[in-house]
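Coordinate-derived values only; no laboratory data. All values derive from a computational prediction rather than experimental measurement. For neighbour counting, all protein chains shown are included, and Cβ atoms are generated from backbone atoms with ideal geometry for every residue, glycine included.
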Ligand code: URA
């Protein structure tokens, strides 16, 4: 059960003050009957709420898979840049946030939701959730690097060492003529600029980075950078089972 004014505000129909006005104006019907009390408790699972005759269904949680484009920040608000949440044009909830962060110039899979408990589980170091990245790297990545990543590399400073947990590095190709390598890297941590700092630790520079999966959730190949879709029921079930 949820207060009528909160129900409408949660669904993006206006601020709490605005929706209270609509309610008092008699524009809201519940199961066909006008309700003029903002504090009225709606049974969101059973009752039908309309505003000016338009159905307003309630969704407590929303889950979107976004292919984050470069140039957009992983935040809910930003004074200077567009945010990943602003890209979800079809969103109803106002409390959506990205699960973890990708750098401004990184592309790829980002889960956008308002389910704090799920986000917490996915991000908790205790959960050991695999994150798989594809990268183009300036420099020839070697089997030596693969071994170093597996042992964990120091991405800290001279004053403050910071060793990563093991990362599984796969060399897709290392092109001698261009000096560029293409790799996949699976890590379970999410330290600041982690992939870039891991390559910097072995003397190489990431020039393109894309996240391809997070736990069971795999970036839909049909989504171009900037596009998104809702998670399927199965994707959600699998994420919850992680
Ligand atoms: N590692 C990075 O360096 N950047 C990202 O955006 C994600 C992982």
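Enumerate the whole-percent occupancy of each 10 Å bin, from 0 to the last occupied one, for all C-alpha pair distances of the chain.
Per 10 Å bin, starting at 0, the Cα pair percentages come out as 7, 26, 26, 20, 10, 7, 3, 0.
Between residue 16 and residue 138, 0.36 nm times their residue separation minus their Cα-Cα distance comes to what? Let's see the in-between values first.
Working: separation 122, 0.36 × 122 = 43.92 nm, distance 5.19 nm.
That pair, residue 16 and residue 138, stretches by 38.7 nm at full extension.
Between 90, 53, 179, which gets the highest mean-square fluctuation from a Gaussian network model of the chain, Cα cutoff 10 Å?
53
Suppose the chain between residue 77 and residue 29 were pulled fully straight at 0.36 nm per residue; how much longer would it get relative to their current alpha carbon spacing? Intermediate values should be presented prior to the final figure.
Working: separation 48, 0.36 × 48 = 17.28 nm, distance 3.36 nm.
Residue separation times 0.36 nm, minus the Cα-Cα distance, leaves 13.9 nm.
Run the numbers on the chain and let me know its relative contact order in percent, using alpha-carbon pairs under 8 Å that are six or more apart.
Across the chain, relative contact order equals 19 percent.
Please find the FRET efficiency linking residue 147 to residue 94, where r is the Cβ-Cβ separation and R0 is fixed at 51 Å, and quote it to the nearest 0.05.
Values: r = 48 Å, r/R0 = 0.93.
The formula returns an efficiency of 0.60 here.
In whole angstrom, how far apart do the alpha carbon centroids of the stretch 124-148 and the stretch 29-103 sit?
Result: 35 Å between the Cα centres.
Given a 10 angstrom Cα cut-off, can you work out which residue in 224, 104, 37 is the most mobile in a GNM of the chain?
37
So what is the calculated 222 nm ellipticity per residue for the chain, using -39500 (n - 2.57) for each DSSP H run with n of 4 or more, over all residues, to the nearest 500 deg cm²/dmol?
That calculation yields -5500 deg cm²/dmol at 222 nm.
With a 10 Å radius around each residue's Cβ, average the other Cβ atoms per peptide and rank 70-80, 153-163, 196-206, highest first. Intermediate values should be presented prior to the final figure.
Numbers: 70-80: 14.2, 153-163: 11.7, 196-206: 18.5.
The most tightly packed comes first, giving 196-206, 70-80, 153-163.
Choose one answer from 52, 81, 220: the residue with the largest mean-square fluctuation in a GNM of the chain with alpha-carbon springs under 10 Å.
52
How much FRET efficiency would the formula 1/(1 + (r/R0)^6) give for residue 218 and residue 240, where r is the Cβ-Cβ distance and R0 is 25 Å, rounded to 0.05? Write down the numbers at each step before the final one.
Details: r = 16 Å, r/R0 = 0.64.
Step by step, r from the Cβ atoms, then E = 0.95.
Could you list the residues of the stretch 112-144 with an amide nitrogen less than 11 Å from a label point located 7 Å from the Cα of residue 2 in the Cα-to-C-beta direction?
Taking a point 7 Å out along Cα→Cβ of residue 2, no residue of the stretch 112-144 has its backbone N under 11 Å.
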